[in-house]
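The values are calculated or read from the model by the stated rules, or taken from the named source; none is laboratory data. Everything numeric here is computed off the predicted structure, so don't read it as measured data. Cβ placement follows ideal geometry from the backbone for every residue including glycine, while neighbour counts extend to all protein chains displayed.
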């Protein structure tokens, strides 16, 4: 890696290489180096231009195009024609935390294509185990991918009490509210602003203020 040379096993001649090496991992290599689980010299030779890719749960806007590509591939593989993923199923997918990242999404979409009827939609029950279509409104997706009963919603009359009891400062409450609105709008600031009842310039001002700008 350092000199761009190799010596083949059993050969006595050094050969020059002209390659570009790309390595990927889901392990924190800096921590692994400190703990002695990964060679420091190898890490520094590989870490020329590191790229940090956020987990899928932080890239909700990437999910629909990823699903489109997976539908094309797996529908061809299984020789099926589907209308796509239903709105309710897409909502469930976006609410899930995806501990297995894109590979887990890929497996789930493949399962949905196998179970969905030819010519129909992929529904929630085709993606997540042990759930009927009519039950989804009363359930939520857990971290482990199973369905659990949703907690009773907080009555509006108790909303202020719940906020005050949280002990969070106003700035933190505002930040969390804005972040959640942007997440639910898949990063669309205009949509997030509408859900908050403010204008897009007002939202942009608050985001800039939140980021220290």
Item to check | Residues of segment 190-213 classified as assigned to a loop (DSSP other than H, G, I, E, B) and either more than 24 Å from the chain's Cα centre (by Cα) or farther than 15 Å from residue 176 by Cα (or both), total | outcome: 5
Next on the checklist: If I filter segment 87-95 for residues that are more than 27 Å from residue 185 (Cα to Cα) and in contact with a helix residue (DSSP H, G or I) (Cβ under 7 Å, 6 or more places away or on another chain), do I get at least one hit?
Outcome noted: no
Next on the checklist: Checking the conditions here, which among 182, 131 is part of a loop (DSSP other than H, G, I, E, B) and either in contact with a strand residue (DSSP E or B) (Cβ under 7 Å, 6 or more places away or on another chain) or modelled with pLDDT of 85 or more (or both)?
Outcome noted: 131
Checklist entry - Is at least one residue of segment 79-99 at pLDDT below 85, in contact with a strand residue (DSSP E or B) (Cβ under 7 Å, 6 or more places away or on another chain), under 30 Å from residue 27 (Cβ atoms) and surrounded by 14 or more Cβ atoms within 10 Å (Cβ to Cβ)? => result no
Next on the checklist: If I ask for residues that are over 21 Å from residue 207 (Cβ atoms) and outside any loop (DSSP other than H, G, I, E, B), which ones from segment 162-179 would you list?
Outcome noted: 162, 163, 164, 165, 166
Checklist entry - Looking at segment 1-26, which of its residues are exposed (fewer than 10 other Cβ atoms within 10 Å of the Cβ), without any contact (Cβ under 8 Å) to a residue 24 or more places away in the chain and more than 30 Å from residue 103 (Cα to Cα)? => result 3, 8, 9, 10, 11, 12, 13, 16, 18
